[in-house]
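The values are calculated or read from the model by the stated rules, or taken from the named source; none is laboratory data. Computed from a prediction, not measured in an experiment: that's the story for all the values here. Using ideal geometry, Cβ is built from the backbone for each residue, glycine included, and neighbour counts are taken over all protein chains shown.
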Amino acid sequence: LRQLLPQDKTKPPMIFHWIPVFGSAAAYGQDPIKFFLDCREKYGNVFSFILLGRRVTVALGPDGNNFVMGGKHTQLCAEDAYTHLTTPVFGKDVVYDCPNEMLMEQKKFVKFGLRNDNFRAYVDMIEDEVHKFMNNDINFRAYQMNDINEWGSFDVLHTMSEITILTAARTLQGKEVRSLIDKSFAQVYMDLDGGFTPLHWLFPWLPLDSYRKRDAAHKKMSQLYQDIIRKRREDPSGEEEHDMIASLMNQHYRSGKILQDHEIAHIMIALLMAGQHTSSATGSWILLHLADRPDVCEELYEEQVKNFLQPDGTWRPMQHEEIRSLPVLDRIIRETLRMHPPIHSIMRKARTDIPVPPSLAAPSESGSYVVPKGDIVFSSAAVSQVDPLLWRNSFEWDPARWTDPEGIAQQAYKQYDDENGQKVDFGFGLVSKGTESPYQPFGAGRHRCIGEQFAYLQLGTIVVTLVRKLEFKMNTPVPAPNYQTLIILPQNPRNILYRRRKFD
Ligand code: HEM
């Protein structure tokens, strides 16, 4: 009934809902992109809705992205929004279970591990893992038979999940984790992962089996990493490793305090969880679109042939530095992340009342909206990245748009000219910078992803290793997204067909 009374004009408009407490959970959970675009149509760029008892305010568009991602962390706080989901999984004293300044230092430590001289060793390792996988996995029988007329098929998400964890283990996680991956590690990982879902974000303390398994798995996983660290400390004579554990073991905070073993262990768990679903989902969408567009897949293959095939028929090893400068590969990954950013709602919690700039949204009368203290605040690059106001044929997967200045509606250029007084280049290479960009698959601002370079290296190497060996096709359309998981995944069925190339 309260919804029928005149609304408080200082707060963003509230989306009407029939069921108290439940609110708009069904519409949001079913298809958040459609829900947000529909709400924008009626209420503009800023509105609020009820999500299972919580007040959520959404800020859309490039200005909305800027409001949330560029907001002060003392006002729009990430740890208050995420910690009840992440701390039981990652563990104590890291990421969102510590003051934000500490997270910033931890991100610097990780960045140091994600450096070029480590990356250089990774391309070969990733290639090797993919080859081994193809030579052993049951779904690659048709490839193993060496018959170029035989088509086989595999479930892309299943395959990419396995390849992603194997390659991340071999590179970032280190040889000990890699050696355990087919054994104890897999079950512990599955139990931990089972506790990293929207349900666990919405209801942090349900007495369900998955919560107990999650907590037990966290203890085991933390111990597993701490044992690796202890053994490495006990035998410092071992060969120099290029992995993240080795890198973190040499880091200390500005205060002089070294990273404790449990902190290293928990950062390693956080990196595992941050990279696994994001990269395996992205890799799956890439393969689905390549199978759906064999012309683009052939363009990618030709780029490989031109740059890496040697006169004797063998492939020259790819260098890490080359990956970002292969335009076809780059725009395939870029376009896939535009249409399928793994995370649809970036969350913060308002620690104070926060005025909304009138340029973003304002009530029809004078004055401005205020996001009330305690609200969860969402931004959604998943919306601005498919916004028909900003992108031509915005729901179409079209890597060529990144080479075509007309690929993004002129309006976008105008808008940015007007507001910033200067032209913002949406073209190749520049679009993902800045909290006000409409393109933010890796976030922006203080909490921006530090895994982007690694993700490009990992995805790029996996995809070209597969494409050098296989042709793809699909007899069904690219599946719709499933929004019910923490990361947007392709719905079932998601099988693609493959056949061994004549010259591989
Ligand atoms: C943060 C996306 C891979 C580590 C983020 C954020 C996004 C994102 C959107 C911002 C979250 C927020 O503002 O609340 C992605 C995508 C990936 C990817 C699309 C792959 C395609 C990785 C990988 C790693 C990683 C491989 C680790 C090696 C992190 C970390 C943060 C982060 C440490 C910072 C969290 C913070 O400061 O609050 N990522 N990520 N990500 N990501 Fe990634």
Subject >> Any hit, the range 63-79, residues being modelled with pLDDT of 95 or more, more than 21 Å from PRO438 (Cα to Cα) and of a type in the set (Asp, Glu) >> reply: yes
**OP:** Could you tell me whether GLY152 is among the small types (Gly, Ala, Ser), surrounded by 17 or more Cβ atoms within 10 Å (Cβ to Cβ) and within 16 Å of the ligand (Cβ to nearest atom)?
**Re:** no
Original post:
Does ARG254 count as part of a loop (DSSP other than H, G, I, E, B), among the basic types (Lys, Arg) and touching a residue at least 24 places away in the same chain (Cβ under 8 Å)?
Top reply: yes
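Residue-by-condition table, conditions (1) of a type in the set (Gly, Ala, Ser); (2) surrounded by 19 or more Cβ atoms within 10 Å (Cβ to Cβ); (3) modelled with pLDDT of 95 or more:
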residue	(1), (2), (3)
ALA246	yes, no, no
TRP285	no, yes, yes
LEU290	no, yes, yes
PRO294	no, no, yes
Original post:
Since ALA281 meets every condition but one in (1) in contact with a helix residue (DSSP H, G or I) (Cβ under 9 Å, 6 or more places away or on another chain); (2) more than 16 Å from the ligand (Cβ to nearest atom), which condition does it not meet?
Top reply: (2)
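Is it the case, given these coordinates, that ARG233 is farther than 26 Å from GLN458 by Cβ, in a loop (DSSP other than H, G, I, E, B) and modelled with pLDDT of 90 or more? Lay out the reasoning, then the answer.
On the way: farther than 26 Å from GLN458 by Cβ: yes; in a loop (DSSP other than H, G, I, E, B): no; modelled with pLDDT of 90 or more: yes.
For ARG233, the condition - farther than 26 Å from GLN458 by Cβ, in a loop (DSSP other than H, G, I, E, B) and modelled with pLDDT of 90 or more - is not met.
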Original post:
Does VAL371 satisfy being touching a residue at least 24 places away in the same chain (Cβ under 8 Å), touching a strand residue (DSSP E or B) at 6+ places or on another chain (Cβ under 8 Å) and of a type in the set (Val, Ile, Thr)?
Top reply: yes
**OP:** Would you please list the contacts, defined by Cβ atoms under 8 Å and residues six or more apart or on different chains, that run from a residue in the range 323-343 that is in contact (Cβ under 8 Å) with a residue 24 or more places away in the chain and closer than 13 Å to GLU396 by Cα to a residue that is surrounded by 20 or more Cβ atoms within 10 Å (Cβ to Cβ) and hydroxyl-bearing (Ser, Thr, Tyr)?
**Re:** THR336/THR282; LEU337/THR282; ARG338/TYR439; HIS340/THR282
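Working carefully through the options SER345, SER359, SER379, find the one that is among the hydroxyl-bearing types (Ser, Thr, Tyr), within 30 Å of ASP38 (Cα to Cα) and more than 16 Å from the ligand (Cβ to nearest atom). Outline the logic, then answer.
Working: SER345 fails: more than 16 Å from the ligand (Cβ to nearest atom); SER379 fails: more than 16 Å from the ligand (Cβ to nearest atom).
Only one candidate qualifies: SER359.
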Subject >> the range 409-467, residues that are touching a Pro at 6+ places or on another chain (Cβ under 9 Å), modelled with pLDDT of 90 or more and assigned to a helix (DSSP H, G or I) >> reply: GLU452
